[in-house]
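What follows is a single structure, written as structure tokens, with notes after it.
The values are calculated or read from the model by the stated rules, or taken from the named source; none is laboratory data. This structure is a prediction, so every number in the text was calculated from the model and none was measured. Cβ placement follows ideal geometry from the backbone for every residue including glycine, while neighbour counts extend to all protein chains displayed.
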Amino acid sequence: MKVAVIMGSTSDLPVMQDAIDILKGFDIEVDVDIVSAHRTPDKLFDYGKNAHTRDIKVIIAGAGGAAHLPGMIASLSPLPVIGVPVKSSNSIDGWDSVLSILQMPGGVPVATVALNGAKNAGILAAQILGASDKCILDKIVAYKEGLKMKVEQGAIEMKNN
């Protein structure tokens, strides 16, 4: 089982790396690629129509500016798509990306995480896979327990200072 992490350009990689890292931390195979909705439309169409034939189960798509990549992939693919709005140099403080990904028409859903929220996109993709894979589910449970323990430890340290 693989999760695809795609983005519109290499400038998105510093944000999208969080999704790649969290997925690898759960021992989930990651297929990373650059697929530009505007500069490589033929590749976008091929990728969207055929990702499910390559053992990909979830697609995480990050994009900045007009951010058409997640929605276009969702329009072409039968797979769940998680959109990551990226605050880019040509962005209107990131809001253009958020709204472009969030405001999808009925029938073409894109699960949308916070601006630059690639880590949460990776976790959500793992949770989707974990719904039918006990090994991944157990890793998610352990991860969430670790989050709880970190907060509890921080509270203890704060009280002791």
Options Gly48, Gly62, Gly8; residue that is small (Gly, Ala, Ser), over 19 Å from Asn116 (Cα atoms) and touching a helix residue (DSSP H, G or I) at 6+ places or on another chain (Cβ under 6 Å): Gly48
Close pairs (6 angstrom Cβ cut-off, 6 or more residues apart or separate chains): more than 30 Å from Lys139 (Cα to Cα) and without any contact (Cβ under 8 Å) to a residue 24 or more places away in the chain in the range 27-50, of a type in the set (A, V, I, L, M, F, W, C) and not in a helix (DSSP H, G or I) anywhere: Lys43/Val35
Residue that is nearest to Thr10 (Cα to Cα) [pool: residues in the range 26-36 that are in contact with a strand residue (DSSP E or B) (Cβ under 7 Å, 6 or more places away or on another chain) and in a loop (DSSP other than H, G, I, E, B)]: Val35
Residue match in the range 18-40 (condition: under 19 Å from Pro109 (Cα atoms) and hydroxyl-bearing (Ser, Thr, Tyr)): no
Selected residue (criterion: farthest from Leu147 (Cα to Cα)) from residues of the range 1-24 that are without any contact (Cβ under 8 Å) to a residue 24 or more places away in the chain and loosely packed, with under 14 Cβ neighbours inside 10 Å: Pro14
Matching residues in the range 79-130 - criterion: being farther than 16 Å from Ala19 by Cα, among the hydrophobic types (A, V, I, L, M, F, W, C) and touching a strand residue (DSSP E or B) at 6+ places or on another chain (Cβ under 7 Å): Leu79, Val98, Ile101, Leu102, Val110
Only listed residue being touching a residue at least 60 places away in the same chain (Cβ under 8 Å) and under 15 Å from Pro80 (Cα atoms), chosen from Ala125, Ala131: Ala125
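Kindly evaluate Ala51 against the criterion of being over 12 Å from the mean Cα position of the chain (by Cα) and assigned to a helix (DSSP H, G or I). Spell out the reasoning first.
Values: over 12 Å from the mean Cα position of the chain (by Cα): yes; assigned to a helix (DSSP H, G or I): yes.
Answer is yes for this residue.
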Residue in the range 19-37 that is more than 10 Å from the chain's Cα centre (by Cα), at positive phi and at pLDDT below 95 present: no
Single residue of Leu23, Leu13 found to be in a helix (DSSP H, G or I), in contact with an Asp or Glu (Cβ under 9 Å, 6 or more places away or on another chain) and within 21 Å of Asn120 (Cβ to Cβ): Leu23
Residue check, Ser88 surrounded by 18 or more Cβ atoms within 10 Å (Cβ to Cβ), touching a residue at least 60 places away in the same chain (Cβ under 8 Å) and hydroxyl-bearing (Ser, Thr, Tyr): yes
Long-range neighbours under 6 Å by Cβ, at least six apart or interchain, first residue closer than 18 Å to Val58 by Cβ within the range 107-120, second of a type in the set (Gly, Ala, Ser) and modelled with pLDDT of 95 or more: Val108/Ala74; Val108/Ser75; Val110/Gly71; Val110/Ala74; Val110/Gly83; Thr112/Gly83; Val113/Ala121; Ala118/Ala19
